[in-house]
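The values are calculated or read from the model by the stated rules, or taken from the named source; none is laboratory data. Given the structure is predicted, the values throughout are model-derived calculations rather than measurements. Methodologically, a virtual Cβ is constructed for each residue, glycine included, from the backbone with ideal geometry; neighbour enumeration extends over all protein chains shown.
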Amino acid sequence: MMHYIGPAYRPPFEEKSLLLQVSTGCNHNKCAFCSMYKGVKFTPSPMEDIESDVRFIGRNRTLFKRAFLVGGDPFALPYKRLKRIGKLIGEHIPRIESIGCYASIPNVLAKTPEQLNELAQLGYANLNIGLETGLDDVLATMRKGYTADEAREALSRLNEAGIPFTLNLVHGLAGSGRSLENALASAELVNEARPALVIVTALHVDEATELSEWVDSGQFKLPSLQEVIEEEAAFLRATELSDTIFFGMHETLPVRVNGHLPKDRDFLASEVEAALQRFPGQQLAAPMRRRKPITRA
Ligand code: SF4
């Protein structure tokens, strides 16, 4: 029997991956807009549980080709622990070709280039990183725990090590009146970083967050639907990438598109812009909806 404990999430592209829990909660757990792991202490899983799960899967001759390490922030684990997990997987489940997990800019920076090289050799690939925005003041306000320059450095180290990655962005995170600025700053950083995949969402304010309190007090002005649509189109048009999948299908987005950049760039931007004609003016001017906190069993 596999060991799973606490809330666990996986990105949409990992539905066929072996989900192997290596930690619980998020090591950072301070982002102003996030309620995913509120009240959950970051705890590495006991190594004996991980080893037992890997051996269990290995004995059962499964067809998994990829493992996704579960937990809010598995890349926060020390290099030696990640190396041990990678070796265990290679030894007991040789069919696994790559190992992914959520990662953050600070915990990439906490690994040396040599350590990242070693992890790449063990199969670590397609790490999923919440970049959110390229604007320094928004990163600071939202308590992401890094600057845009630190993000540049971390992503450049991943590229150097040959570890592909996904970047997540939040349209509307800079608030009302800053859509174009946010789109251009995010595109500039993404262009430099050259991710394999970009996943976008629209700002959705969970009620159990600090951001929700800022909205209530008037400290943060929610963007309108129109601003979010314009931000997505401006972001797409500002991308200069050579081989990146764009995934804009999240339920929060008013217009859902996906494709390949640069091939589909102008088509996708036009599709997003066309939505401005489809929504009634009143709806376009309304602020983005808020939503109830995620409930857990
Ligand atoms: S957004 Fe990511 S890093 Fe920030 S608190 Fe939530 S899970 Fe942790």
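Annotation note: of T201, T209, T244, the sole residue that is in contact with a Gly (Cβ under 9 Å, 6 or more places away or on another chain), closer than 23 Å to P11 by Cα and polar (S, T, N, Q) is T201. With respect to the conditions (1) of a type in the set (S, T, Y); (2) surrounded by 18 or more Cβ atoms within 10 Å (Cβ to Cβ); (3) modelled with pLDDT under 95, S17 falls short on a single one, namely (3).
Determine which member of the set L236, L203 is farther than 15 Å from A174 by Cβ and buried (at least 19 other Cβ atoms within 10 Å of the Cβ). Can you show your working first?
Details: L203 fails: farther than 15 Å from A174 by Cβ.
Only one candidate passes the filter, namely L236.
Number of residues in the range 60-75 that are touching a residue at least 12 places away in the same chain (Cβ under 8 Å) and either among the small types (G, A, S) or farther than 21 Å from L158 by Cα (or both) equals 7.
Being surrounded by fewer than 19 Cβ atoms within 10 Å (Cβ to Cβ) and either closer than 22 Å to A103 by Cα or of a type in the set (S, T, Y) (or both): is that true of D243 here? Outline the logic, then answer.
Values: surrounded by fewer than 19 Cβ atoms within 10 Å (Cβ to Cβ): yes; either closer than 22 Å to A103 by Cα or of a type in the set (S, T, Y) (or both): yes.
Yes.
The test for being basic (K, R), away from the ligand (no atom under 16 Å from the Cβ), under 25 Å from F13 (Cβ atoms) and modelled with pLDDT under 95 holds for R61.
If you take the residues of the range 32-50 that are outside any helix (DSSP H, G or I), of a type outside the set (F, W, Y) and crowded, with 21+ Cβ neighbours inside 10 Å, which of them is farthest from the ligand (Cβ to nearest atom)? Break it down into steps so the answer makes sense when it comes.
Here is the first cut: in the range 32-50, the ones outside any helix (DSSP H, G or I) are 32-46.
With of a type outside the set (F, W, Y) added as a condition, the list becomes 32, 34-36, 38-41, 43-46.
Checking which are crowded, with 21+ Cβ neighbours inside 10 Å leaves us with 34, 45.
Numbers: C34: 3, S45: 17 Å.
Selected residue: S45.
Considering (1) under 27 Å from S212 (Cβ atoms); (2) surrounded by fewer than 17 Cβ atoms within 10 Å (Cβ to Cβ), the lone condition that C26 does not fulfil carries the number (2).
Sort out for me the strands (runs of 3 or more DSSP E) sitting completely within the range 193-297 that have 2 or more residues that are of a type in the set (A, V, I, L, M, F, W, C) and in contact with a His (Cβ under 9 Å, 6 or more places away or on another chain). In the range 193-297, 197-202, 244-248 are the strands (runs of 3 or more DSSP E) which contain 2 or more residues that are of a type in the set (A, V, I, L, M, F, W, C) and in contact with a His (Cβ under 9 Å, 6 or more places away or on another chain).
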